[in-house]
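All remarks here apply to the structure that follows.
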Amino acid sequence: MKITDFGLSRMVGPTSFMKTMCGTPQYLAPEVLDSKARGGDGYGVQVDMWSLGVILYVLNSGCMPFVDGQDRPPIARQISQGIYEFTPKDQWTTRSAAVHNLVNRLLTVQPKLRATAKEVMAHSWMKEASHPTDEEEAKVKEAKSALQEQLQRKKRRRDSQGSQSISPPPAKVKHVDVSPMSEVVTKQNNATIPSPEPLTNGHSGRGTEDDAGGQPACRYGSGCYRTNPAHFAEYSHPPGHPGPS
């Protein structure tokens, strides 16, 4: 068998990384999707080993491991979380445990735990063995355990961000009864004018003299600071006073 169609291929070195989002979705490795969605650090040659796992799956079953369906999550989530099953079962029941293991090793979400080309060439299935070695089985278990921990960390991070986005309840304002000052010095028209004392014991601000019309005069005269219209209706003020606001 020969694999062709290198239209999207690129020569890379051991330390080279790519960031271009390209390829057939069902064959894309998780890190390719992650690089596009979250602006990750890019991806390397391990994406080819993932695609090789998809091809090996198809050759043994005639079906794709990641497909759309009403009872299945979106393909992007299937890939990023490694959600796949060996179906159809009647096809895979006739396949050896060794090829099951190799597919699992290749369709490993974490690139660092995924089988390398060297490991594939040394795999028991490549040596026509029907069962994987203990080491090969242990690597599959290690990868699955690491994936579960990774998914749990992401869930905790999402839950934490969600709780932080909820606004805290408004703080209760404690009302303090502060007695007014007996005299507040303000500046008005470059003149220092004492503000009126607080009105207590029924004191209304009435002056000592009434005007000619019998209306009581405001005791504060031109220095009256009040703005309530009712006050000006009850008490008279010197000419030129601005009156109520």
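The values are calculated or read from the model by the stated rules, or taken from the named source; none is laboratory data. This one's a predicted model, so the numbers in the text were calculated from it and none came from an experiment. All Cβ positions, even for glycine, are placed from backbone atoms using ideal geometry, and neighbour counts span all protein chains on display.
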Residue tally, condition more than 24 Å from T94 (Cβ to Cβ) and either in contact with a strand residue (DSSP E or B) (Cβ under 8 Å, 6 or more places away or on another chain) or among the aromatic types (F, W, Y) (or both), over region 110-139:
1
Read through the list (1) surrounded by fewer than 18 Cβ atoms within 10 Å (Cβ to Cβ); (2) at pLDDT below 95; (3) not small (G, A, S), then give the number of the only condition that R95 fails.
(2)
Would a scan of region 80-102 turn up a residue that is touching an Asp or Glu at 6+ places or on another chain (Cβ under 9 Å), in the same structural domain as E136 (by TED's automatic domain parsing) and closer than 15 Å to Q148 by Cα?
yes
Which residue pairs have Cβ atoms under 8 Å apart, sit 6 or more places apart or on different chains, and have a first residue in region 148-162 that is under 19 Å from Q110 (Cβ atoms) and surrounded by 10 or more Cβ atoms within 10 Å (Cβ to Cβ) and a second that is aliphatic (A, V, I, L, M) and modelled with pLDDT of 90 or more?
Q150/V109
Just need a number here: residues in region 217-245 that are part of a loop (DSSP other than H, G, I, E, B), touching a residue at least 12 places away in the same chain (Cβ under 8 Å) and over 60 Å from the mean Cα position of the chain (by Cα).
7
